[in-house]
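So the structure is just underneath, and the comments pick up after that.
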Amino acid sequence: MAKSQPEKGSARRKVEQIRREQRARTIRMRVLAGVGAAIVVAAVATGIALAAGGGTSSTSGTSSPSGTSSPSGTSGTTSGPLGPEGIALETGPALAPASTAATGQTVGGIQCEASEQAVYHIHSHLAVYVDGSVRQIPLGIGVVEPAVQQTANGPFASATRCYYWLHTHTNDGIIHIESPSRHTYTLGNFFDIWRQPLSTHQAGPATGTVTAFVNGTKYSGDPRAIPLGSHTDIQLDVGSPAVPPTSVDWSKAQL
C-alpha cells in the first residue's frame, strides 16, 4: 500500500533535520580539532620565546572571552583571518560586551534551551561601524555561561547552561538562528537578547544616524525590522563617515 502524503512529508522533515544536525556536528568537530592544533602551536611558541628571552616570556596585550579588549586607538577590521567558522574575524573594540545579554529568561518569545535546535538552522552576518571604525560583534551573545575554547583559528564559545535561538559563537559577526520551528526573526530580536538598544539613531551605546544596508542595498526602514535570513549580510553605519557596504565570503564556511 502506498504511503500517504502526510507520512511522506514527515519523512522528508526527518531527513532534513538529520542533515542539519550532521552539518552542525561537522562544525563542532572542526572546532575541537582546532583546539588540539592550537595547543601544539602554543607550546612551540612558548618554547621559542623562552629560548630567545633567557627563560622568561611576556605578552603585549590581553583579550577577554567576550572579545571586548583591543589596543587603544585601533579601528579594527571585518576582514581579518578566517575564524573557527570559516568567516573572517572582526577585530577592534566590541560594540558592547556580551556580558550584558539575557541570562536565561525568555526574551520576546525566544527561549534559552539546554541544546541547540536543528529544525530551523540558518546564519546571518552583522557588521557595525561607528564613525567609520568597525565595532566587533562579540562571541557569547545568547550563549549563557559560555565555555570558551581557544582553537587554532580563534576562540569559540559553547554554552554550559543554555543557548538562545539567536546567538554568536565567535568574533566573526555570524548570528546563528537555531530554532525549533521555522520563523522569521529580526535584528531587533537579536539586540533584545543582547539587551542593547537599536533604532534609527542608536546601535548599542553608539548614538548618531544609523544607516543600514542589507545585502549591499540601503535599508530605509527601522533597523530593528531587518529580517535575519540565510546568508544575509547586514551592515549598520552609525554616525559619519559612512562606510560603503561590504559582502561576506561564505564560500569557505560550512554554514
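Numerical summary
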{"quantity": "Ratio of the Cα radius of gyration of segment 198-239 to 2.2 N^0.38 Å, where N counts its residues", "calculated": "1.08"}
{"quantity": "For segment 65-238, the fraction of alpha-carbon pairs in successive 5 Å shells from zero, as %", "calculated": "2, 9, 18, 24, 22, 16, 7, 2, 0"}
{"quantity": "Distance cut-off 18 Å, percentage of C-alpha pairs in segment 153-255 lying past it", "calculated": "52"}
{"quantity": "Enclosed volume per residue, in Å³, of the convex hull spanned by Cα atoms of segment 121-161", "calculated": "106"}
{"quantity": "Highest average packing first - 86-97, 228-239, 144-155, 208-219, Cβ atoms within 10 Å", "calculated": "86-97, 228-239, 144-155, 208-219"}
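Read-outs throughout are calculated quantities, based only on the coordinates presented, and are distinct from any laboratory measurement. All of these numbers come straight from a predicted model, not from anything done at the bench. Note: ideal-geometry Cβ built from the backbone for every residue, glycine included; neighbour counts use all protein chains shown.
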